[in-house]
1. Excluding residues on the same chain fewer than 8 positions from K75, give the lysines whose Cα lies under 30 Å from its Cα.
2. Please determine, in degrees from 0 to 90 and to the nearest 10, the orientation of helix 68-81 with respect to the longest principal axis defined by the Cα atoms of the chain, where the helix direction is its Cα long axis.
3. Leaving ligands, DNA and RNA out of it, work out the accessible area of S68 with a 1.4 Å probe and give it in Å² to the nearest 10.
4. In the chain, what trypsin sites (Lys or Arg not before Pro) fall in a loop by DSSP, with at most 13 other Cβ atoms inside 10 Å?
5. Which entry is the computed Cα extents along the principal axes in Å for this structure: [x] 40, 24, 18; [y] 46, 31, 19; [z] 52, 27, 17?
6. Show the residues, 5+ positions off or on another chain, whose built amide H is closer than 5 Å to the amide H of V67.
7. Is the C-alpha gyration tensor of segment 36-82 telling us rounded, prolate or oblate? Criteria: a/c under 1.5 is rounded; beyond that, a/b larger than b/c is prolate, otherwise oblate.
8. How much length, in nm to one decimal, is gained on full extension between R41 and E76, taken as 0.36 nm per residue of separation minus their Cα-Cα distance?
Amino acid sequence: IHDLGATRDTVLKWSCFYNKSKEDNTPASFEYAYEKDGETRWLDVVMWYIGPGASGREQYCYVCEDVSERKKDEKELLEAKD
């Protein structure tokens, strides 16, 4: 993700999930918030360790879905209950 212009903080947070996936040999799943154009956006992420590539670099596969609208709706529902 660093190659994609992610911040150092993002790389450190995601690295924890990369390491967990590798150690446990299972997919890691989490939600990640980030700021874009002055608003908070949310990703639902699933990633898993694949193994070393031909270059020797560790390889992971991940799928991200933007769930910002769902998170916004959840927040509104919680606020309406109060």
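The values are calculated or read from the model by the stated rules, or taken from the named source; none is laboratory data. Not measured: the values here are computed from a predicted model. Don't worry about glycine lacking a Cβ; one is built from the backbone with ideal geometry, like all the others, and counts go over all protein chains shown. We work out accessible area using only protein heavy atoms, side chains counted, and drop any ligands, DNA or RNA first. Shrake-Rupley method; radii C 1.70, N 1.55, O 1.52, S 1.80 Å.
1. Hits, sequence-local ones excluded: K13, K20, K36.
2. 40 degrees
3. 10 Å²
4. Numbers: sites: R8, K13, K20, K22, K36, R41, R57, R70, K71, K72, K75, K81; in loops: R57.
Answer by residue number: R57.
5. [z]
6. Distant-sequence amide H within range of V67: W42, L43, D44.
7. Details: a/c = 5.63, a/b = 3.03, b/c = 1.86.
Cα axes put segment 36-82 in the prolate bin.
8. Working: separation 35, 0.36 × 35 = 12.60 nm, distance 1.52 nm.
Full-extension gain reported as 11.1 nm.
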